[in-house]
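The values are calculated or read from the model by the stated rules, or taken from the named source; none is laboratory data. No experiment lies behind these values; they were computed from the predicted model shown. Positions of Cβ are generated from backbone atoms using ideal geometry, with glycine treated the same way; all protein chains shown enter the neighbour counts.
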Amino acid sequence: MKDKKKGHNTKVSTSGGVLSPSKLLLSHLICGIGLASSFWLAINVYSINLIDNPAETLRLVWLIEVPVVILIYSLFRKDKNQSSYLKAVARGLLGLPIGAIINALGAIALGAPIGTHYFQRTLNWSLLMSAFTFVPAACVYGSSWADWQQTFVHTKLIGIMDYMICLPAHGAVIGAWFGAWPMPLDWERTWQEWPICVTYGAIFGYLVGMLGSICFVGFCVSRQHKKGD
Amino acid sequence: MSLTEWWRSKSWGDQRWVFMVFFSVLLLHCVAILLFTSGFLLTRTELPHFSHCSQVSQSPCGLPVSSPQSNHENVTCWTKPAVDRIVIIVLDALRIDFVAPSTFFEEKKPWMDKLQVLHKLASDPESAARIFKAIADPPTTSLQRLKGLTTGGLPTFIDIGNSFGAPAIVEDNLIHQLVANGKRIVMMGDDTWTQLFPNHFNKSYPYPSFNVKDLDTVDNGCISHLVPTLYDDDWDVLIAHFLGVDHAGHIFGVDSAQMIEKLEQYNEQLEKVVEVLQSQSGKGGLHENTLLLVMGDHGQTINGDHGGGTPEEVETSIFAMSLKKPPLPIPSEFDASSCKLDLLGRKVCVSSIQQLDFAATVSALLGIPFPYGSIGGVNPMLYGLVAGTWKNLEEGLSQQKVKEWMQNYAKVLCVNSWQVKRYIDVYTASSVIGFSIDDLKHVEEIYAKAVNTWSNSNSNSTSFHATSSFDSLKTQIDLYSNFLSSVAELARTKFTEFNLRTMGIGFGILFMSIFVHLLFIVKVDRVHKDVFAPNETSPVSFALIVSCVLVAARACSFLSNSYILEEGKMTSFLLGSLGVLSLRHSIMRKKMILEATTFILIISILRFTIELNLSKQGSNEVLDSKMYVADVAPLLPLIILAYMLYKSIASCKLVLKLVITGSIFSYILVALHWILESNLSNMTHPIYDVIKGNVIPRVIYIMGITQLLSLVVFRFFEEVERAKWGETTMMKGVAMLSTWSSTLMILSGRQGPWIALALVVGGWMISRLKGLEEDQKNAKIGVLACYSSSVTQWSLFGSFLFFCTGHW
């Protein structure tokens, strides 16, 4: 079992040769900075915030976050030999609406409010969620169903790349799920409305997931080094 | 085969313990729920009796004194009328610290000392005005409080009476007595009053109280009518109910600018009211003998909540001012008030009164019969405040005068006590759960003592009025007050206090039943293991953990009021989460993806329809006459399903076949019922008059009971084939379901057929999805892990469907 895992690891690192822990750290950092800068822009330049103008702010955030994510993750596309960088970017762009639809359907199944009043908010929220969950995988895996299944259904993570996609995505979804819990409370705050606290939860979970993936990969690599010695 | 023989028979022997386990769980649950609810659900029976003027002759008190000096007294009922008109201004959720000066409290808060006009009047020696701290009884919600104030009783959330659904008060009450005795009432403000008293007011200006966020509509309505009405002479009692403070509390809390704004507005309005009243209070004026009452119905916490029994919620206030001059001091023996200087150095006194006493005191002041169910006593301070209760106003204050007042008061208390005694006797005789015998005996003794003293002092001296001493009068009054307060105390323990002991025992038993369950599960698990999986099993799986976490989260959510209010959404959220997880699981196993998707779809569609229906109800859309097609449509697949079931049953099982046929017939009847309901209004044929009403539902109920009975009887004559236990259990389950289905469908209204269809499809999906766990690794999983997720799904789905039947 151990041998098998090790074999996989070496295989990924040799075949890809693209992704080292430092690169992972850097790409996560850029994604995080993109997220932070979008909020900074929203508050300081457009003077909108998530609580008062959820739809507009969410739109701004995903408009900035999506290009960042697509451009970075397309660098690490798995089928380097067959597809070009541009193709990976196109896959990411295609993945965005599909992921948004899946996220929106999930949210509605769990009780997101429906109606014209909430349409804009749900749309923008699901696009942002898609940027957290679906778009990176679309860029990296493309149409390889086996890879998708391995990461999202079986959560059998083999390479660094898998950690980089899987943990933040799961973190965002689980964070959003927990973020919905304060909604029924009778505190009468605006941030309890859909999808403000859910977004907060998702972003928090996403950040935790990124941190987790960095730690995990760092830990694995250091152990490997020790073993190697 | 006789029943005992059958019981002992070997073929059933090892099933007996299974039966015993289920029976004991059922028994434990029943006992626990019964005990808990008997302690928790405070109930009170409403009596249909009413007080009448003439009944006072049955009392031992003699006829009311009509003094020779009073010139306008021709008719006296139970007591001598002391005021002609009453203006009642109700300020909803009026805390005592809104009214009393801030020096009465530890710390001055921003919302205190805002109703300056009341301080001024209460401190003015020229006016007969006083601030009372009124203690309300829980539940401190407006409807229950208004009911309590007018009936003089202690309303509970569940009053067993004639009014099903409609909030109108059917008990005897102050308003009814006012109308019955020819008083004319004007009402303005909160429309709760018109709901409680639909036909009692001569004139009413109700405003909707529903929208909590609206601070001004009700108040502005009141303000626009209040002062002009004061100049009219076509009323005897005016009720103005302001809601702004309550709503400001709910939305912004007590410590908010909006609250202070509201209080300042009230101060201004009260100033105007007092000005008008005082300008008309001269001899022969409109308000020569008027009583002004400014009162709250309950208090509120700092956050603006109310309903419970904390001091903040129950302490409200009554400000009373009699306009008849001159004001007289109450005999110091009965004056239990505390006086302090306010911030401006004026001496303000605050007395105390029970809200329970309000109805009796106001009745006594107006001279009308006390409401039949009133258990309050006439409050001496509020009663004595009104100059009309005194005689010989022109003379100065003397010992003789005080004595006369006390005689009058003693007489009022005598009538009061007689009426309360009559009520508790009749209540005990006619209600299901009356007062306990010991308590009644105790109260009886006190009453007998008081009445004895009364008749002794009346018979001993030929001229009672002249000779009875000051001390004996005081003893008499004390005896009656003692009786009234002990009755009030008794009633409070009965109607307002939860019986914590029975609640605790019930809860404990309920807890015990969980252990019985666990014991049973462990035992079955062992049996299961022996039969199916002899090798080691892993007791914990991902699904088990998720189920436990979700069930625990749901259980914890019941600790919070907000989650209970949103329980429907909560269950749909948890159910949706489980659905998404099982979809993931099914993708992992690469099978039953369709089932998992259907399950999620059902949940979403149900939620959509609920929200759609809610928004439709909100907009009061007129129902289309063709709507019944949508209501009836789901019955078709159900009938087809039942027919398929019928076909699949082996021909030897005649009873089962009959039961299923009955179900099909019932379904057709349900469809017929809804079609008729929608078209009935435009059909005039006489046959529809027969069908109209409850004929079809009754037929369906009878059929359901017959089906159930035949199933039970059939059960006794059935040979148990052990080999096919799985099949027989399934068969019984389906038969039971089809028996219940039609009855439940008609009970849950128009959406019934839809819910039934959703239940069938959803249930099928859940049982299919169970297969995901079952054959995984050749059943290496224990019972607990195998069934946990489907059982959780079932329970959540069940409560979700309950909320879909119009309980969202």
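Filtering region A:162-187 down to residues that are more than 9 Å from chain B (Cβ to nearest Cβ) and among the small types (G, A, S), which residue is surrounded by the fewest Cβ atoms within 10 Å (Cβ to Cβ)? Explain how you work it out, then say what you get.
The initial filter retains those residues of region A:162-187 that are more than 9 Å from chain B (Cβ to nearest Cβ), namely A:162-176, A:178-179, A:182.
From the residues that got through so far, the ones that are among the small types (G, A, S) too are A:169, A:171-172, A:175-176, A:179.
Values: A:A169: 23, A:G171: 24, A:A172: 28, A:G175: 23, A:A176: 28, A:G179: 21.
Ranking the qualifying residues of region A:162-187, first place goes to A:G179.
Just name the residue that is nearest to the other protein chains (Cβ to nearest Cβ) out of those in region A:107-122 that are in a helix (DSSP H, G or I) and in contact (Cβ under 8 Å) with a residue 60 or more places away in the chain.
Our first condition is that a residue be in a helix (DSSP H, G or I); within region A:107-122, this holds for A:107-109, A:116-122.
Imposing the further condition that a residue be in contact (Cβ under 8 Å) with a residue 60 or more places away in the chain reduces the set to A:107, A:118, A:120-122.
Details: A:A107: 9, A:Y118: 11, A:Q120: 18, A:R121: 16, A:T122: 13 Å.
Per the criteria, the residue is A:A107.
Residue-by-condition table, conditions (1) part of a helix (DSSP H, G or I); (2) among the hydrophobic types (A, V, I, L, M, F, W, C); (3) modelled with pLDDT of 80 or more:
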position: B:L594; (1), (2), (3): yes, yes, yes
position: B:I605; (1), (2), (3): yes, yes, yes
position: B:E611; (1), (2), (3): yes, no, no
position: B:L614; (1), (2), (3): yes, yes, no
position: B:S625; (1), (2), (3): no, no, no
position: B:Y628; (1), (2), (3): yes, no, no
position: B:L636; (1), (2), (3): yes, yes, yes
position: B:I639; (1), (2), (3): yes, yes, yes
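Could you list, in sequence order, all residues of region A:42-97 that are free of Cβ contacts under 8 Å to residues at least 40 places away in the same chain and assigned to a loop (DSSP other than H, G, I, E, B)?
Correct list: A:V45, A:Y46, A:S47, A:I48, A:N49, A:N53, A:N81, A:Q82, A:S84.
Step by step: first the residues of region A:188-211, then only those that are touching a residue at least 24 places away in the same chain (Cβ under 8 Å) and in a loop (DSSP other than H, G, I, E, B), then the one that is surrounded by the fewest Cβ atoms within 10 Å (Cβ to Cβ). Which residue is that?
Checking each candidate, the answer is A:E193.
Of everything in region B:207-222, what is surrounded by 23 or more Cβ atoms within 10 Å (Cβ to Cβ) and either within 14 Å of chain A (Cβ to nearest Cβ) or part of a loop (DSSP other than H, G, I, E, B) (or both)? Give them in sequence order.
B:L215
Is it true that A:I102 is within 14 Å of chain B (Cβ to nearest Cβ) and among the aliphatic types (A, V, I, L, M)? Steps first, please.
Working: within 14 Å of chain B (Cβ to nearest Cβ): yes; among the aliphatic types (A, V, I, L, M): yes.
Answer is yes for this residue.
I'd like to check something: does region B:563-579 contain any residue that is in contact (Cβ under 8 Å) with a residue 40 or more places away in the chain, more than 7 Å from chain A (Cβ to nearest Cβ), surrounded by fewer than 19 Cβ atoms within 10 Å (Cβ to Cβ) and among the charged types (D, E, K, R)?
Among the residues of region B:563-579, not one is in contact (Cβ under 8 Å) with a residue 40 or more places away in the chain, more than 7 Å from chain A (Cβ to nearest Cβ), surrounded by fewer than 19 Cβ atoms within 10 Å (Cβ to Cβ) and among the charged types (D, E, K, R), which makes the answer no.
Report the residue count in region B:123-138 for those that are within 18 Å of B:R492 (Cα to Cα) and modelled with pLDDT under 85.
Start the filter on region B:123-138 by keeping residues that are within 18 Å of B:R492 (Cα to Cα), which leaves B:134-138.
If we keep only those that are modelled with pLDDT under 85 as well, we get B:138.
Residues flagged as within 18 Å of B:R492 (Cα to Cα) and modelled with pLDDT under 85 within region B:123-138 amount to 1.
Of all residues in region B:197-244, how many are out of contact with any strand residue (DSSP E or B) (no Cβ under 6 Å at 6 or more places or on another chain) and within 23 Å of B:D97 (Cα to Cα)?
4
Restricting to region B:223-252, name every residue that is surrounded by 14 or more Cβ atoms within 10 Å (Cβ to Cβ) and closer than 26 Å to B:A180 by Cα.
B:H225, B:L226, B:T229, B:L230, B:W235, B:D236, B:V237, B:L238, B:I239, B:A240, B:H241
Here are some conditions: (1) at pLDDT below 85; (2) of a type in the set (A, V, I, L, M); (3) within 17 Å of B:Y372 (Cβ to Cβ). B:V420 meets all but one. Which one does it not meet?
(1)
State whether the residues of region B:322-338 include one that is modelled with pLDDT of 85 or more and closer than 23 Å to B:L291 by Cβ. Walk me through how you get there before you give the answer.
We begin by selecting, within region B:322-338, every residue modelled with pLDDT of 85 or more; these are B:322.
From the residues that got through so far, the ones that are closer than 23 Å to B:L291 by Cβ too are B:322.
The answer is yes, given that some residue of region B:322-338 is modelled with pLDDT of 85 or more and closer than 23 Å to B:L291 by Cβ.
Residues that are modelled with pLDDT of 85 or more and assigned to a helix (DSSP H, G or I): does region A:150-160 have at least one? Reasoning before the result, please.
Narrowing region A:150-160 to residues modelled with pLDDT of 85 or more: none.
No, that holds for no residue.
Name the residue that is modelled with the lowest pLDDT, counting only residues in region B:139-165 that are crowded, with 24+ Cβ neighbours inside 10 Å and in a loop (DSSP other than H, G, I, E, B).
B:P155
Mind checking whether some residue in region A:59-78 is at pLDDT 90 or above and of a type in the set (D, E, K, R)?
Within region A:59-78, one or more residues are at pLDDT 90 or above and of a type in the set (D, E, K, R).
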